[in-house]
Every structure is written in C-alpha cells, then in structure tokens.
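For reference, the structure is listed below as structure tokens.
Please treat every number below as a calculation from the coordinates, not as lab data. Keep in mind that what you see is a predicted model, and the values were worked out from it rather than measured. Neighbour counts are summed over all protein chains in view; Cβ atoms, including those assigned to glycine, are modelled from backbone coordinates with ideal geometry.
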Amino acid sequence: MTELQAISLFKCLADKSRIQILKSLMEEDMYVERLSERLNLTPATISFHLKKLVDAGAVKSRRDQYYTMYAINGDVFNVSILDILKEKSEEKSLQDERDEAYRKKVIDAFFEYGKLKSIPSQRKKELIVLEEIAKAFEKGRDYTEREVNLIIADFNDDFCTIRRDMISEKILTRNNMLYRKL
Amino acid sequence: MNANIFYSFLEERKASVLSEITRLAQEGRTDESNVLKAKFNVYDISKAVYNAARAQSKDGAGNAFETTFDKITSPWKASLEKAKAHGDDHKVLIEEAKLEAAQEINAKYAELS
C-alpha cells in the first residue's frame with residue numbers, strides 16, 4: 001500500500017456511517033437496498049458511502065443477477081498499520097536530501113580547512129560536528145586516551161570537551177581506559 | 001397569508017436541520033453533516049425570495065414567491081437528474097437535500113396561502 005493509498009483509506013474510514021457499512025459487510029455481502037434498510041440510511045446515502053469505500057479499496061463490488069453486491073476487501077484490512085508505516089515514504093529521499101544539505105551547511109560554517117573553528121552551542125549542530133570528527137576514527141578499533149586526544153587535536157585544541165561530548169553523545173565508548181567508535 | 005407564521009416555520013426548520021448537522025458531525029458522520037448544510041441554506045434563500053416578493057406587492061407575496069422560488073429550484077431538479085445519470089453520488093445527495101427543503105417550503109406556503 002502506497003502512502004497516498006493509506007491516507008485515502010484512513011480518511012475514508014473516519015466516518016461512522018462508513019464504519020457501520022463495513023461492520024455489516026463483515027457479516028455478509030450485501031447490496032445497496034439491504035444496507036439501506038439495515039442502517040436506516042437512504043439508498044443514495046449508502047451509494048455515496050459505498051463509492052468512497054470502493055475508491056479507497058476497502059470494499060469490492062460484483063454483479064449478482066440484478067444487484068450489485070458489495071463485500072469487504074480483506075486484503076486491505078489484513079495489512080497492519082505498522083506495515084503501512086514501515087513502507088518507504090515517497091518523501092523520504094527528499095527529506096534525506098534536505099538533511100544532507102543542512103549537514104553540509106553546518107560543516108561549512110564550523111570547519112575551515114579541516115579545522116573546527118568553534119564548538120557549536122546548539123546540540124543538533126554539535127552532533128553534526130562530532131560525527132564529522134568521528135570519521136577520523138576507525139570502526140572496531142580500540143584507541144588509548146592519548147590517541148583519541150591527538151586525533152581530536154587535529155581538529156580543535158579543546159580535545160577534552162570534544163572527547164567528553166563524543167562519549168555523552170554515544171559516538172565513542174570508553175571501557176577500561178580504551179575508546180572505541182560506535 | 002400571515003408572514004410571521006411562514007417566518008416561524010422557516011426558523012423552526014433551520015433550527016431542526018442545524019441540530020441534525022451538529023448531531024451528525026458529533027457522531028463522526030462528517031460527509032452527511034456537510035450535505036445537510038446545503039439544505040440549511042435553502043431556508044435562507046426562500047426567506048430572501050419571500051421578502052423580495054412581499055416588497056414587490058402590496059397585498060402579500062402572492063404568486064411572485066412561487067414563481068421566483070420555482071425558477072431557483074428548477075435547475076436543482078435538472079442537476080439531480082444529471083448527477084444520477086453520471087453516477088455522481090455526492091451531487092445526488094446534495095441536490096436531494098436541497099429539493100427536500102424546497103418541497104417542504106412549497107407545501108407550507110401552499111398551506112398558508
């Protein structure tokens with residue numbers, strides 16, 4: 001189910017009459033007049049709601065002699081909401097692009113020729129800066145505190161603050177005086 | 001014809017439809033509630049037509065109301081048939097609601113005349 005289909009389905013379901021129609025169809029397939037009598041709504045009102053339900057994919061219709069029969073579309077309701085949320089969003093790539101552009105802007109503002117000019121006061125920006133510095137560390141390798149200090153000092157003299165912040169932001173871990181990139 | 005009785009009728013119907021609009025909205029039947037808003041407006045339209053008809057004639061609105069009101073509501077009938085022919089269920093509901101109000105108003109007007 002695409003994001004647009006999910007939105008259309010959720011909007012469609014946000015109506016008591018349509019929920020009542022679906023509940024009736026859960027019991028058995030029905031035609032307009034039968035639903036109309038059962039729910040005490042005019043046939044025109046039932047047709048209107050059924051059209052919306054069919055368009056949203058919640059209900060299927062078929063010709064049965066003189067009547068059009070309506071039935072629940074089980075496939076749609078067997079999908080869990082979590083599965084819908086896990087679907088890759090059409091917006092995702094655009095969001096990623098925007099995030100990357102923001103990241104680049106922060107790095108350009110705080111780094112000059114590979115040196116960190118100052119530690120950002122905003123946490124969001126500092127995190128980007130710390131992640132940039134962390135690129136100098138190899139993953140899975142243990143570093144002594146002196147090695148860590150030397151690597152950070154290549155970026156900025158305040159290696160103590162940066163080292164501490166990298167630990168608190170869980171970019172580095174410290175265990176038995178050894179540091180490791182997460 | 002007693003204009004006040006006609007006005008009271010229109011106000012009563014407006015209040016009744018408004019309460020139905022509110023009830024449907026509270027029950028989460030938004031689409032049906034919105035359709036009734038079209039019906040609600042018809043009472044105001046008829047009141048304006050009636051006032052205009054009364055202003056034209058010294059001895060009450062007479063046939064002027066029926067003629068003008070019919071001119072306004074006739075296209076709704078045509079619109080309903082067109083909507084039915086094209087399977088436009090939403091339009092069908094709106095036109096039916098408007099025509100229902102028009103029918104009530106015409107009946108009351110005939111009764112009072």
Pairs, first touching a residue at least 12 places away in the same chain (Cβ under 8 Å) and at the interface with another protein chain (Cβ under 10 Å from one of its Cβ atoms) in region A:4-19, second in a helix (DSSP H, G or I) and among the polar types (S, T, N, Q), C-beta under 9 Å, six or more apart
A:D15/B:T30; A:S17/A:T45
Kindly indicate whether B:L80 is within 14 Å of chain A (Cβ to nearest Cβ), in contact (Cβ under 8 Å) with a residue 12 or more places away in the chain and assigned to a helix (DSSP H, G or I).
yes
Can you work out which of the residues in region B:49-68 that are without any contact (Cβ under 8 Å) to a residue 24 or more places away in the chain and either under 23 Å from B:L18 (Cα atoms) or touching a Cys at 6+ places or on another chain (Cβ under 7 Å) (or both) is surrounded by the fewest Cβ atoms within 10 Å (Cβ to Cβ)?
B:N51
Just one of the numbered conditions (1) among the hydrophobic types (A, V, I, L, M, F, W, C); (2) within 14 Å of another protein chain (Cβ to nearest Cβ); (3) in contact (Cβ under 8 Å) with a residue 40 or more places away in the chain is not true of B:F6; which one?
(2)
Kindly indicate whether B:K71 is surrounded by 13 or more Cβ atoms within 10 Å (Cβ to Cβ) and out of contact with any His (no Cβ under 9 Å at 6 or more places or on another chain).
no
Counted residues, region B:83-99 - those being facing chain A (nearest Cβ under 10 Å) and under 10 Å from the mean Cα position of the chain (by Cα)
1
Those residues of region A:22-61 that are aromatic (F, W, Y), assigned to a helix (DSSP H, G or I) and either more than 14 Å from chain B (Cβ to nearest Cβ) or under 22 Å from A:M1 (Cβ atoms) (or both) come to a total of 0
Return a yes/no flag: does region B:38-56 have any residue that is within 14 Å of another protein chain (Cβ to nearest Cβ) and under 17 Å from B:L99 (Cβ atoms).
yes
Being under 30 Å from A:Y31 (Cα atoms) and in contact with a Ser or Thr (Cβ under 7 Å, 6 or more places away or on another chain) is the requirement here; does A:Y70 meet it?
yes
Which numbered condition in (1) within 14 Å of chain A (Cβ to nearest Cβ); (2) in a helix (DSSP H, G or I) is the only one that B:L18 fails?
(1)
Within region A:34-74, count every residue that is touching a residue at least 24 places away in the same chain (Cβ under 8 Å) and touching a helix residue (DSSP H, G or I) at 6+ places or on another chain (Cβ under 9 Å).
18
Tell me yes or no: at least one residue of region A:137-144 is surrounded by 11 or more Cβ atoms within 10 Å (Cβ to Cβ), in a helix (DSSP H, G or I) and out of contact with any Phe, Trp or Tyr (no Cβ under 8 Å at 6 or more places or on another chain).
no
Residue among A:D96, A:D108 that is within 30 Å of A:I7 (Cα to Cα) and assigned to a helix (DSSP H, G or I)
A:D96
